[in-house]
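Working notes for the structure below.
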Amino acid sequence: MRRFIIALAALILCLGTAEARAAEAVVTDVRVGTQGEMTRLVFDLTEKVAFKTFTLAKPYRVVIDLPEVGWRLPPRPLPENIGFLQKLRYGLFQPGVSRIVLDVNSPPTIEKSFILNPEGENRYRLVIDLGTTSKAAFNAQPKTASPQATVSAALFTPPTLKPKPDIVRETPAKRIVVIDPGHGGVDPGTIGISGVYEKHITLAMARELKIQLEKTGRFKVSLTRQRDIFVPLRERVFRAREAGAELFLSIHADAIKNRKTRGLSVYTLSERASDRETAALAEKENKADLIAGINFEDETPEISNILIDLTRRESMNQSAKFAIGLVTELRRKTKVLRNTHRFAGFAVLKAPDVPSVLVELGFLSNRNDEKALRDKKYRSQLAKGMVRAVSSYFSNIEEAYKK
Ligand SMILES: [Zn+2]
C-alpha cells in the first residue's frame with residue numbers, strides 16, 4: 001500500500017511538472033521607471049518566452065510581441081506618463097500572439113531588450129530600455145522585413161470584393177445576422193468610470209443577443225469575434241460578408257469627459273457626419289487598428305474605393321430603416337441620447353451590400369450607464385428590444401416580397 005502511495009505521489013508529481021511546462025506563461029506585473037536618459041519597462045513573467053520588438057510612427061509607438069500569454073496584473077491602474085511612456089495596452093493580437101503596445105511621446109529607439117532569469121524573489125523579467133532619437137534619424141532607420149510585415153499580411157484579407165457567397169437556404173429559411181462585439185484583445189476600447197473595459201461589455205452584450213436571436217428559431221447568428229482577441233476593422237466586415245450576413249450589428253459603448261451624459265444611440269454610415277460629436281466618435285472608433293499597433297504604410301486601398309454605388313445606396317436605405325426600428329424598440333427599454341439615430345463614416349459599417357448599424361449602448365463615463373451595462377439583467381432587456389427590432393425588420397422585407 002505504502003509503495004502504491006509513493007508511486008501515486010510520484011505520478012502526480014510527474015503530471016504536475018508536465019502540466020506546468022505545458023501551461024502558458026503569465027505576465028504578473030509591470031513596472032516603469034526612468035534611468036538617466038532612458039525609460040525602463042520591466043514585465044514579470046512566470047516562464048521564459050521569445051519576444052519581438054519594433055517601432056511605429058504616426059503616432060510613435062513601440063510594439064512588443066510575445067507568444068500567447070496569460071495576464072494576471074495586480075489590480076491597480078497601469079503605469080502612464082513616466083519617462084517616454086504615455087500609455088500602455090496589452091492583450092491578444094491574433095491566435096498565438098499576445099501584444100503590448102506602448103504609446104511614446106517622441107521618436108523611440110529600443111536601446112536594449114532582454115530577459116533576466118529568476119533571482120531570489122524575482123521571476124523571469126522582460127526588460128525593455130527605451131531611448132529617443134531625432135525625427136530624421138527615426139525615419140532614416142533601415143526598413144528591414146520587420147515582423148510587422150508578416151503579421152499585417154496574415155491579418156488583412158485582400159480587398160477584392162467577391163460576391164457574397166450564396167447561402168443555400170434551408171426551409172424555412174433562417175436569416176443570417178452577424179453581431180460585431182467592438183474592440184478586443186490589445187484594443188480595450190474605452191475605459192469606464194470604475195475601470196470596466198468596453199471590449200468586455202460589447203462581448204457580453206453580443207453573446208446575450210446571439211442567444212436571444214437564436215431562441216426565436218428565425219435567425220442564424222455569428223459573431224465577428226468569440227473571445228477577447230483583436231480583430232482589425234476590415235476583417236470584421238470581411239467576416240460578415242463571408243458569413244453571408246443579411247444584417248450587421250456592431251456593438252460599442254462610449255465615454256466622454258462630461259460624466260453626466262448618458263443614453264444609447266444608433267449610427268448608420270454616411271460620408272458626412274450628422275454633427276461634430278458624431279464625427280469625433282467615428283474617428284475614435286476608427287482608430288482601433290492604430291491602437292493595436294498596426295502599421296498602415298503598406299496598406300492596400302480602402303474597401304470604400306471599390307464600392308458599387310447602387311448596391312451601397314440600397315444597403316444604406318435598409319440600414320436606415322433598421323436603425324429607425326431599433327431606436328423605437330430601445331426607447332422602450334432604456335434612456336436614449338437626443339437625436340438618437342446619427343450618421344458618420346464608421347469603417348466597420350462599410351460593407352457595400354450588407355445593411356449595417358452601429359449601436360453605442362451608453363456611456364461608460366456615466367455612473368448609471370456603466371452600472372447598468374455591467375448588469376446581465378439590463379443587457380438581457382436591451383437584447384429583447386434588439387430582437388424585436390431585428391424580427392420586424394425581416395418581417396417587413398418578407399411582406400414586401402409577397403406583394
Ligand atoms: Zn467602441
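Values quoted throughout were computed directly from the atomic coordinates according to the rules given, and no laboratory measurement underlies them. Since this is a predicted model, take the numbers as computed values, not measurements. When we count neighbours, we look across all protein chains shown, and the Cβ atoms used for this are built from the backbone with ideal geometry, even at glycine.
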- [ ] Go through K174/K371; K87/K135; K284/K376; K112/K350; K52/K260; K220/K260 and tell me which ones have a Cα-Cα distance over 32 Å in this structure.
- [x] K174/K371; K112/K350; K52/K260; K220/K260
TODO: Give me the net charge of P74's neighbourhood, meaning all other residues with Cβ under 13 Å from the Cβ of P74; Lys, Arg count +1, Asp, Glu -1.
DONE: +1
- [ ] At 0.36 nm per residue, minus the direct Cα-Cα distance, what do K257 and N139 gain on full extension? Give it in nm, one decimal, please.
- [x] 39.0 nm
TODO: Just add up the charged neighbours of Y378: K/R +1, D/E -1, any other residue whose Cβ is under 12 Å from the Cβ of Y378.
DONE: +4
Open item on the list: Take L290 and L116, extend 7 Å from each Cα along the Cα→Cβ direction, and tell me the distance between the two endpoints in nm.
Closed with: 3.6
- [ ] Extending each Cα 7 Å along its Cβ direction at I397 and K321, get the distance between those two points in nm, one decimal.
- [x] 0.9
Open item on the list: Net charge within 10 Å of D180 by Cβ-Cβ distance, Lys/Arg positive one each and Asp/Glu negative one each, not counting D180 itself?
Closed with: +3
Task: Prolate/oblate/rounded label for region 175-402 (Cα gyration tensor, a/c 1.5) - done: rounded
